[in-house]
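Enquirer: Structure below; questions to follow.
The values are calculated or read from the model by the stated rules, or taken from the named source; none is laboratory data. All values reported here derive from a predicted model rather than from experimental measurement. Here the Cβ positions follow ideal geometry from the backbone for every residue, glycine too, while neighbour counts run over all protein chains shown. Please note that ligands, DNA and RNA were not included when accessible areas were found on the heavy atoms of the full protein model with its side chains. Shrake-Rupley method; radii C 1.70, N 1.55, O 1.52, S 1.80 Å.
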Amino acid sequence: MQAERERPFIIRHFTSITRIFGLFTSAALWWTGVFMADNEDKRIAAYLMICGVAVTFFEIAFILNKCACCSEDSFAHTLWKYLLAIDNWKKSLLYASLSVVCYLHPDEYWQALIAGVMLDVTALMYLIRTFRTRNEREPYKYKQLEIN
């Protein structure tokens with residue numbers, strides 16, 4: 001416990017900081033999408049709002065995981081486990097690929113640059129988090145063989 005307190009604040013709370021910054025990124029995507037909906041070309045606004053939906057879902061998935069209740073044998077539980085498997089480096093890759101469109105026309109859509117930079121910073125934070133955490137995997141249970 002003493003070794004935990006000796007580490008700097010940013011390292012101790014890096015997961016929380018990453019999630020909070022991810023929520024700010026989703027808010028920036030929503031705000032930029034709504035703000036750019038007034039332009040004649042609404043494609044970038046629609047793209048930013050769709051990205052906002054995706055980022056919001058992945059950022060609040062840990063909260064939804066605490067609230068979700070379904071039996072372990074159901075299809076919904078299996079699908080939810082696959083969605084929760086998108087973490088750290090997978091989120092990093094997803095967010096970095098979503099940010100590419102934000103840089104296509106910087107002179108016309110300078111607001112999209114802000115959202116793109118925030119997506120890239122969030123992607124970098126998740127990439128750092130990948131190498132920071134030690135993943136304790138749960139043992140895979142083979143249902144056919146009844147082996148734990």
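Enquirer: Suppose we keep only residues that are modelled with pLDDT under 85 and in a helix (DSSP H, G or I) within the stretch 63-74. Which one would you say is nearest to LEU119 (Cα to Cα)?
Expert: The selected residue is ASN65.
Enquirer: Among what's in the stretch 109-135 and is over 17 Å from GLU59 (Cα atoms) and touching a residue at least 40 places away in the same chain (Cβ under 8 Å), pick the residue that is least open to solvent (accessible area, probe 1.4 Å).
Expert: Across the stretch 109-135, the extreme among qualifying residues is ALA112.
Enquirer: Scan LEU104, LEU48, LEU29 and give me the residue that is over 30 Å from ILE11 (Cα atoms) and touching a residue at least 40 places away in the same chain (Cβ under 8 Å).
Expert: Going through LEU104, LEU48, LEU29 in turn, the sole match is LEU48.
Enquirer: Does the stretch 1-19 hold any residues that are open to solvent by less than 90 Å² (accessible area, probe 1.4 Å), in a helix (DSSP H, G or I) and either without any contact (Cβ under 8 Å) to a residue 40 or more places away in the chain or not charged (D, E, K, R) (or both), and which are they?
Expert: Correct list: ALA3, GLU4, ILE11, ARG12, PHE14, THR15, SER16, ILE17, THR18.
Enquirer: Before we move on, is THR78 at pLDDT below 95, among the polar types (S, T, N, Q) and not in a loop (DSSP other than H, G, I, E, B)?
Expert: Criteria met by THR78.
Enquirer: Looking only at the stretch 22-56, count how many residues are surrounded by fewer than 16 Cβ atoms within 10 Å (Cβ to Cβ) and of a type outside the set (Gly, Ala, Ser).
Expert: Qualifying residue count, the stretch 22-56: 13.
Enquirer: Which one is modelled with the highest pLDDT, of the residues in the stretch 123-148 that are closer than 28 Å to THR78 by Cβ and of a type in the set (Val, Ile, Thr)?
Expert: Filtering the stretch 123-148 for residues that are closer than 28 Å to THR78 by Cβ and of a type in the set (Val, Ile, Thr), the one modelled with the highest pLDDT comes out as THR130.
Enquirer: Collect the residues in the stretch 71-92 that are of a type outside the set (Val, Ile, Thr), more than 14 Å from PHE58 (Cα to Cα) and open to solvent by less than 80 Å² (accessible area, probe 1.4 Å), keeping them in residue-number order.
Expert: SER71, SER74, ALA76, HIS77
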